[in-house]
Structure formats: C-alpha cells, structure tokens
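Participant: Quick one: structure below, then a few questions.
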Amino acid sequence: MRRDLEREVVSRRIERAHVAQTRMLGGQTAEELRERLERRVVISVARRGKFLFLHLDSGDVLLVHRGMTGNLFLKDPADPPDAHLHLAARLDDARELRLCDHRGFGELRAISLTELDALSARLGPEPLGPEFTVDYLAGQFARRTALVKALLLNQAIVAGLGNIYVDEALWAAQVHPERRANTLRGPEVELLRKAIVRLIGESVERRGTTFSDYKDLYGNPGGNSAHLQVFHRAKQPCLRCGEPIQHVRAAGRGSSVCLACQRPPAGNGAS
DNA sequence: CGCGAGACCTGATAGC
DNA sequence: TGCTATCAGGTCTCGC
C-alpha cells in the first residue's frame with residue numbers, strides 16, 4: 001500500500017477534503033483535519049508497523065491506520081460514494097483518495113513530526129529491519145510469561161504483525177500459540193523469526209493478503225491469500241502432516257493450528 | 001507491572 | 001423466510 005501511494009500521490013496537491021466526524025479522528029475535529037489537509041502537497045509516504053504516514057509540505061503528517069476493515073482507494077470523484085466513507089481527498093490530477101472503513105476501528109488524523117516520533121518510539125522493530133534479530137526476540141520472550149501468540153500480536157514487541165501472519169508464522173515454526181513465551185527454546189525462536197521475515201517479505205511482494213475486505217488502492221485483492229498455509233483452513237488437511245487444521249481461541253483471537261505439528265503445552269486442557 | 005477479558009463498531013453468515 | 005447468535009484483518013482500557 002505504501003509503495004502504491006508513493007507512486008500515485010507524491011507531488012499531488014490536496015485541493016479539497018471531505019472528512020466525516022467519527023471516533024477514527026481520535027478527538028480531532030473533522031474541520032481541523034480538513035484545514036490541515038487542504039492545499040497541501042504530499043511530499044512522501046512512509047510506513048511504520050501498520051501505520052501509514054503521508055508527509056505534507058506544511059510539515060504535518062496525515063496518519064492512517066486501517067484497523068480491521070479500512071481501505072484506501074484512488075477513484076474518480078464521479079464514482080459512486082462508498083459506504084462508511086471517512087475521507088475523500090480531491091487531488092490536483094482530478095482523482096480522489098478515499099478512506100472507507102465500515103467498522104471504524106481505524107485511525108485518521110493530522111499529527112506533527114514530534115507526535116510521529118513519539119508514536120513510532122512506542123512500536124517494536126520492523127520485522128524486515130536490522131533490529132529484529134534472534135537475540136532481540138529471544139530476549140523479549142525470556143522475560144515474558146504471556147502466550148507467544150499474544151506477544152507476536154503486541155506491536156511493542158514487533159511492529160506490523162496481525163492475526164493472519166502470526167498464525168502462519170507459528171505454524172511454519174511448529175509452535176503452538178498457547179505456549180508461554182518464556183518456555184520457547186532457542187531453535188524455536190530462530191524458526192519463528194525466520195518465518196516472520198520470510199512471510200512478511202513474500203506477502204509484500206504479492207501485494208498483501210485479502211481475507212475478506214482488504215483491497216489495494218485500485219480495488220484489487222492482494223495476491224498472498226492463495227499462499228496461506230493454515231489461516232482460515234479449519235477442517236482442511238494440514239499441508240505438512242495431513243491432520244485436519246483446528247480452529248481454537250488463543251490470546252482472545254480465533255486461531256488456526258495443526259495440533260499434530262504444533263504441540264500444545266502441557267496442562268492445557270481446553271483447546 | 002504484566003496479563004487477559006471485555007469494549008468498541010458494522011456486517012456477513014450459520015443455525016434454528 | 002427471517003430471526004438470533006456468533007464471528008471478523010485491531011487496539012485500548014480496566015480489573016486482578
């Protein structure tokens with residue numbers, strides 16, 4: 001998404017912005033956001049974890065988080081209005097950047113560079129960056145008793161992983177989601193780290209994973225969906241051992257696992 | 001302080 | 001058919 005935005009909106013001027021007043025603005029008024037966007041030129045597009053940042057010539061930054069169901073579209077202003085449209089930014093090339101989000105769990109607001117830095121500092125390392133080493137991950141796991149799945153979803157440990165990639169990584173490393181983080185052995189941590197790096201890299205090249213709602217800027221689904229090994233494959237055979245994939249609840253999230261490949265921790269009766 | 005459950009929303013779908 | 005219950009890509013808050 002960042003790459004597409006960079007190609008399409010850098011150097012474009014936002015002529016007019018329609019902003020809906022919703023909780024996605026995090027307390028900012030629609031009027032303030034509109035004023036901070038209109039007549040500004042997009043200088044660059046950055047990403048950190050699941051946040052997108054459109055840097056503007058004013059020094060302001062447009063923060064976008066897509067939450068569960070948020071989508072960014074580049075459309076013709078004459079195209080029919082989308083349901084749950086939160087932002088429609090008319091660009092100087094007569095196209096319109098829209099943010100639609102029917103559940104409204106996303107985020108949309110103008111922030112300063114200082115706020116961006118503070119936000120970025122609260123996130124863990126990028127999975128494809130140099131800080132995401134096996135020593136780092138093993139160090140985090142060693143001092144935590146939470147479920148390994150909860151820690152991988154925690155954006156302060158590593159930035160950008162969600163439910164799909166965590167389930168895929170745990171399956172690839174043959175680690176059960178309900179293992180306590182501090183019980184993982186060194187080789188398991190290394191397998192997990194390698195799986196995360198590979199899965200994220202592959203998915204970016206395939207333009208993302210569409211599970212239900214995700215679409216790219218042009219409305220096309222991501223190409224990674226066909227490559228998922230476990231996620232949402234309950235009752236279908238494990239692609240490693242043939243046993244049926246189970247759907248369980250772990251760390252409060254629906255989780256797809258192969259109980260034959262991903263051995264549950266001792267004394268975990270329920271799932 | 002860390003952990004885990006519940007809350008926040010709307011919509012799709014399964015089951016009765 | 002139509003109602004109800006459940007579940008969904010995320011993250012925050014609160015109680016323990």
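The values are calculated or read from the model by the stated rules, or taken from the named source; none is laboratory data. Remember, it's a predicted structure, so these values are computed and weren't measured experimentally. Note that we place each Cβ from the backbone using ideal geometry, even for glycine, and neighbour counts take in every protein chain shown.
Participant: Filter the range A:253-271 down to the residues that are in contact (Cβ under 8 Å) with a residue 60 or more places away in the chain and either of a type in the set (Val, Ile, Thr) or within 16 Å of DNA strand C (Cβ to nearest atom) (or both) and list them by number.
Facilitator: A:253, A:254, A:255, A:256, A:257, A:271
Participant: Something else now. Would the range A:3-16 turn up any residue that is within 16 Å of DNA strand C (Cβ to nearest atom), surrounded by 15 or more Cβ atoms within 10 Å (Cβ to Cβ), outside any strand (DSSP E or B) and touching a residue at least 12 places away in the same chain (Cβ under 8 Å)?
Facilitator: Kept after step one, since they are within 16 Å of DNA strand C (Cβ to nearest atom), are these residues of the range A:3-16: A:4.
Subsequent filtering for residues that are surrounded by 15 or more Cβ atoms within 10 Å (Cβ to Cβ) retains A:4.
Keeping just the survivors that are outside any strand (DSSP E or B) gives A:4.
Imposing the further condition that a residue be touching a residue at least 12 places away in the same chain (Cβ under 8 Å) reduces the set to A:4.
Yes, the range A:3-16 contains a residue that is within 16 Å of DNA strand C (Cβ to nearest atom), surrounded by 15 or more Cβ atoms within 10 Å (Cβ to Cβ), outside any strand (DSSP E or B) and touching a residue at least 12 places away in the same chain (Cβ under 8 Å).
Participant: Might you check whether a residue that is more than 14 Å from residue A:19 (Cβ to Cβ) and more than 16 Å from DNA strand B (Cβ to nearest atom) occurs anywhere in the range A:97-110?
Facilitator: Step one: of the range A:97-110, the residues more than 14 Å from residue A:19 (Cβ to Cβ) are A:102-103, A:105.
Then drop every residue that is not more than 16 Å from DNA strand B (Cβ to nearest atom), which leaves none.
No: zero hits.
Participant: Counting only residues that are free of Cβ contacts under 8 Å to residues at least 40 places away in the same chain and not hydroxyl-bearing (Ser, Thr, Tyr), how many does the range A:209-231 have?
Facilitator: The qualifying residues number 7.
Participant: Kindly provide the set of residues from the range A:188-208 that are within 12 Å of DNA strand C (Cβ to nearest atom) and in contact with a Phe, Trp or Tyr (Cβ under 8 Å, 6 or more places away or on another chain), ordered by number. Give the derivation first.
Facilitator: Of the range A:188-208, the ones within 12 Å of DNA strand C (Cβ to nearest atom) are A:203, A:206-208.
Residues satisfying the conditions are A:203, A:208.
Participant: A further question on this structure: Which one is surrounded by the fewest Cβ atoms within 10 Å (Cβ to Cβ), of the residues in the range A:219-258 that are away from DNA strand B (no atom under 16 Å from the Cβ) and aliphatic (A, V, I, L, M)?
Facilitator: Across the range A:219-258, the extreme among qualifying residues is A:226.
Participant: Just the residues that are modelled with pLDDT of 95 or more and either acidic (Asp, Glu) or within 16 Å of DNA strand B (Cβ to nearest atom) (or both), please, taken from the range A:189-215.
Facilitator: The answer is A:189, A:190, A:202, A:205.
Participant: Is it the case, given these coordinates, that residue A:233 is within 15 Å of DNA strand C (Cβ to nearest atom) and not aromatic (Phe, Trp, Tyr)? Walk me through how you get there before you give the answer.
Facilitator: Working: within 15 Å of DNA strand C (Cβ to nearest atom): yes; not aromatic (Phe, Trp, Tyr): yes.
Against the criterion (within 15 Å of DNA strand C (Cβ to nearest atom) and not aromatic (Phe, Trp, Tyr)), residue A:233 qualifies.
Participant: Any chance you could count how many residues in the range A:216-227 are among the aliphatic types (A, V, I, L, M) and modelled with pLDDT of 95 or more? So that I can check it myself, show each step before the final result.
Facilitator: Pass one, the range A:216-227, residues among the aliphatic types (A, V, I, L, M): A:217, A:226.
From what is left, the residues that are modelled with pLDDT of 95 or more are A:217.
Total meeting the criteria: 1.
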